[in-house]
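J.: Following this message is one structure expressed as structure tokens.
The values are calculated or read from the model by the stated rules, or taken from the named source; none is laboratory data. As the structure is a computational prediction, the values presented were derived from the model and not from experiment. For neighbour counting, all protein chains shown are included, and Cβ atoms are generated from backbone atoms with ideal geometry for every residue, glycine included. Surface accessibility is based on the protein's heavy atoms, side chains included, excluding ligands, DNA and RNA. Shrake-Rupley method; radii C 1.70, N 1.55, O 1.52, S 1.80 Å.
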Amino acid sequence: MTEATFPQCRVDSERFMNPETTERLLNQIISVPGVRRMVLNGPRLPATVPYGPSKGIANPHPMRKTIRVGDQEMELQVHVGTVLLELENRDIIPALKAAIEPVFRDFSFHIKEGRFMKTEPSLVDFCKYGPDADKEIIGLADPNSRSKPIIIQGTK
């Protein structure tokens, strides 16, 4: 269980973002000091067709690309529509909004405050990472995923 309660916010875009917009958004977010954790939400983009008559064949989806966030490259595994953020304090929200406004020129977005990520380990976290899991990845486990979360070093 985490000791402190950190504020969380959600960036909702009007539509799903293409990889270039996602890359610009994530680079703007990591430029703001005080962002602790981030989760990208959207429909999954599997590398191979998961079921049906074409099961196992490569899935050439145009939105599944490798993007560069900070000094690290990562492959997008979801078509991003929502970004969940955990912040160190509420004072960061105006700076965060100012940083991401230039990214959304063609469509609108909303920043909402609330509780969007788990703050205590669940059964899925225990099964996926064990009893000695890093407290920073609590709530980031996808039970169907075989990969671990991607850690991006920000400005700290």
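J.: Pick from Asp125, Asp132, Asp142: which is within 25 Å of Cys9 (Cα to Cα), at pLDDT below 90 and part of a loop (DSSP other than H, G, I, E, B)?
T.: Working: Asp125 fails: part of a loop (DSSP other than H, G, I, E, B); Asp132 fails: within 25 Å of Cys9 (Cα to Cα).
Matching residue, one of Asp125, Asp132, Asp142: Asp142.
J.: If you don't mind, there's one more thing I want to ask. Could you look through the stretch 92-118, keep only residues that are free of Cβ contacts under 8 Å to residues at least 24 places away in the same chain and out of contact with any strand residue (DSSP E or B) (no Cβ under 6 Å at 6 or more places or on another chain), and pick out the one that is surrounded by the most Cβ atoms within 10 Å (Cβ to Cβ)? I'd like the intermediate steps shown before the answer.
T.: Of all residues in the stretch 92-118, those free of Cβ contacts under 8 Å to residues at least 24 places away in the same chain come to 94, 97-98, 101, 105-106, 118.
From the residues that got through so far, the ones that are out of contact with any strand residue (DSSP E or B) (no Cβ under 6 Å at 6 or more places or on another chain) too are 94, 98, 101, 105-106, 118.
Values: Pro94: 10, Ala98: 11, Glu101: 12, Arg105: 7, Asp106: 8, Lys118: 14.
So the residue we want is Lys118.
J.: Among the strands (runs of 3 or more DSSP E) contained in the stretch 1-73, which hold 2 or more residues that are surrounded by 14 or more Cβ atoms within 10 Å (Cβ to Cβ) and out of contact with any helix residue (DSSP H, G or I) (no Cβ under 6 Å at 6 or more places or on another chain)?
T.: Working: elements: 8-13, 35-41, 66-69.
Where strands (runs of 3 or more DSSP E) fall fully within the stretch 1-73 and carry at least 2 residues being surrounded by 14 or more Cβ atoms within 10 Å (Cβ to Cβ) and out of contact with any helix residue (DSSP H, G or I) (no Cβ under 6 Å at 6 or more places or on another chain), they are 8-13, 35-41.
J.: Does Gly114 count as in contact with a Phe, Trp or Tyr (Cβ under 6 Å, 6 or more places away or on another chain) and at pLDDT 90 or above?
T.: Answer is no for this residue.
J.: Would the stretch 90-101 turn up any residue that is assigned to a strand (DSSP E or B), in contact with a helix residue (DSSP H, G or I) (Cβ under 7 Å, 6 or more places away or on another chain) and modelled with pLDDT of 90 or more?
T.: Residues of the stretch 90-101 that are assigned to a strand (DSSP E or B), as a first pass: none.
No: the stretch 90-101 contains no residue that is assigned to a strand (DSSP E or B), in contact with a helix residue (DSSP H, G or I) (Cβ under 7 Å, 6 or more places away or on another chain) and modelled with pLDDT of 90 or more.
J.: Considering only residues of the stretch 75-91 that are open to solvent by 20 Å² or more (accessible area, probe 1.4 Å) and β-branched (Val, Ile, Thr), which is farthest from Met117 (Cα to Cα)? Spell out the reasoning first.
T.: Step one: of the stretch 75-91, the residues open to solvent by 20 Å² or more (accessible area, probe 1.4 Å) are 75, 77-79, 82, 88-91.
Keeping just the survivors that are β-branched (Val, Ile, Thr) gives 78, 82.
Values: Val78: 18, Thr82: 13 Å.
The extreme case among them is Val78.
J.: Can you give me the number of residues within the stretch 1-46 that are in contact with a strand residue (DSSP E or B) (Cβ under 7 Å, 6 or more places away or on another chain) and either of a type in the set (Val, Ile, Thr) or farther than 21 Å from Lys112 by Cβ (or both)?
T.: 11
J.: While we're here: Does the stretch 3-13 contain any residue that is out of contact with any Gly (no Cβ under 8 Å at 6 or more places or on another chain) and modelled with pLDDT of 95 or more? Spell out the reasoning first.
T.: Within the stretch 3-13, the subset out of contact with any Gly (no Cβ under 8 Å at 6 or more places or on another chain) is 3-7, 11.
Filter again for modelled with pLDDT of 95 or more, leaving 11.
Yes, because at least one residue in the stretch 3-13 is out of contact with any Gly (no Cβ under 8 Å at 6 or more places or on another chain) and modelled with pLDDT of 95 or more.
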